[in-house]
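Engineer: Input: one structure, supplied below.
Nothing in this text is a laboratory measurement; each read-out follows from the coordinates by a stated rule. Quick caveat: nothing in here was measured; it's all calculated off a predicted structure. Cβ sites come from the backbone with ideal geometry, for glycine too, and all protein chains shown count toward neighbours.
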Amino acid sequence: MAKNEKLSRRFFLKTTGVLTLLAAIPASLKSAYKQVKDFIVIQKKTAPLTISVNKKAYTLDSDTRTTLLDLLRENLALTGTKKGCDHGQCGACTVHVDGERVLSCLTLSAMVSGKEVTTIEGIANDGQLHPMQEAFIVCDGFQCGYCTPGQIMSAIACIKEGHANSVTEIKEHMSGNLCRCGAYNGIVESIQKVATS
Ligand code: FES
Ligand code: FES
């Protein structure tokens, strides 16, 4: 058999094989895509949600899969609470629910129905900064400020929980709040300042 003939037969076989494969893929992809889409549509459910944020009541229909963090930022435009990792590892999203600190990225909005949520926007009083906010300014407790809302909400809770009795204790109980700028000394100093005032 001539070389050219061999090549052309191989070329023909390869080409038809690829074409057959390509013809099959769209159908299977379409079917897979439809299945995923149907699954998402089936999973998507909204539920009425009554929630109080910074002493203001909200009633809305919320996707049951929405996290508290996304509800605050996307639905209520309260963007003071930051999204860092979105996986419960950085503390940037810390808010208070009924006075206790929680990671809002790991909290479904449906779980806080009927509860009182406090965010960084809600801790000042009549334009007067919260003592912890003042302390962060005085003690250089921040640099870029991205982690700061979460740090401040955690710091307030840390004192309330009775975990601000020493530098070691403060560090231990603030260890869930990361600061990429490394403002840790100022943060600890801020907490000590408020705790002892
Ligand atoms: S965004 Fe929630 S812990 Fe990082
Ligand atoms: S101040 Fe920049 S990440 Fe903490």
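Engineer: For region 91-152, what is the per residue volume of the convex hull drawn over the alpha-carbon atoms, in cubic angstrom? All intermediate terms of the calculation are to be shown ahead of the outcome.
Structural biologist: Working: hull volume 5.4 nm³, N = 62.
Cα-based convex hull of region 91-152, divided per residue, equals 87 Å³.
Engineer: Once phi is turned into θ = phi - 60°, what whole-Hz ³J(HN,Hα) does the Karplus curve with 6.51, -1.76 and 1.60 give for every residue of region 95-106, x standing for Gly and Pro?
Structural biologist: Each residue's phi maps through the Karplus curve to give 9, 9, 10, 6, x, 10, 6, 9, 8, 5, 6, 9 Hz.
Engineer: Then there is this: Once a ≥ b ≥ c are taken as the square roots of the eigenvalues of the Cα gyration tensor of region 45-122, is the result rounded (a/c under 1.5), prolate (a/b larger than b/c) or oblate (a/b not larger than b/c)? Mind showing how you got there, number by number?
Structural biologist: Details: a/c = 1.62, a/b = 1.24, b/c = 1.31.
Oblate shape, in that a/c is at least 1.5 and b/c is the bigger or equal ratio.
Engineer: Next question. Counting Lys +1, Arg +1, Asp -1, Glu -1, what net charge surrounds Lys193 among other residues with beta carbon under 15 Å of its beta carbon? Mind dumping the intermediate values first?
Structural biologist: Numbers: positive: none; negative: Glu134, Asp140, Glu189.
Net of charged neighbours comes to -3.
Engineer: Using the Karplus curve 6.51 cos²θ - 1.76 cosθ + 1.60 with θ = phi - 60°, what ³J(HN,Hα) values do you get for each residue of region 162-169, in whole Hz, with x for Gly and Pro?
Structural biologist: Rounded to whole hertz, the list is x, 10, 10, 8, 7, 4, 4, 5.
Engineer: With respect to the cross-link table entries Lys83/Lys160; Lys45/Lys160; Lys45/Lys82; Lys82/Lys171; Lys45/Lys171, which display a Cα-Cα separation exceeding 32 Å? Working shown, then result.
Structural biologist: Working: Lys83/Lys160 24 Å; Lys45/Lys160 37 Å; Lys45/Lys82 26 Å; Lys82/Lys171 21 Å; Lys45/Lys171 41 Å.
Where the Cα-Cα span goes over 32 Å, the pairs concerned are Lys45/Lys160; Lys45/Lys171.
Engineer: Further, regarding this structure: Of the peptides 98-108, 162-172, 74-84, how do they stack up when ordered by the mean number of other Cβ atoms within 10 Å, highest first? Provide the component values of the computation, followed by the final result.
Structural biologist: Details: 98-108: 18.6, 162-172: 13.9, 74-84: 16.9.
Per-residue Cβ counts within 10 Å, averaged per peptide and sorted highest first, yield 98-108, 74-84, 162-172.
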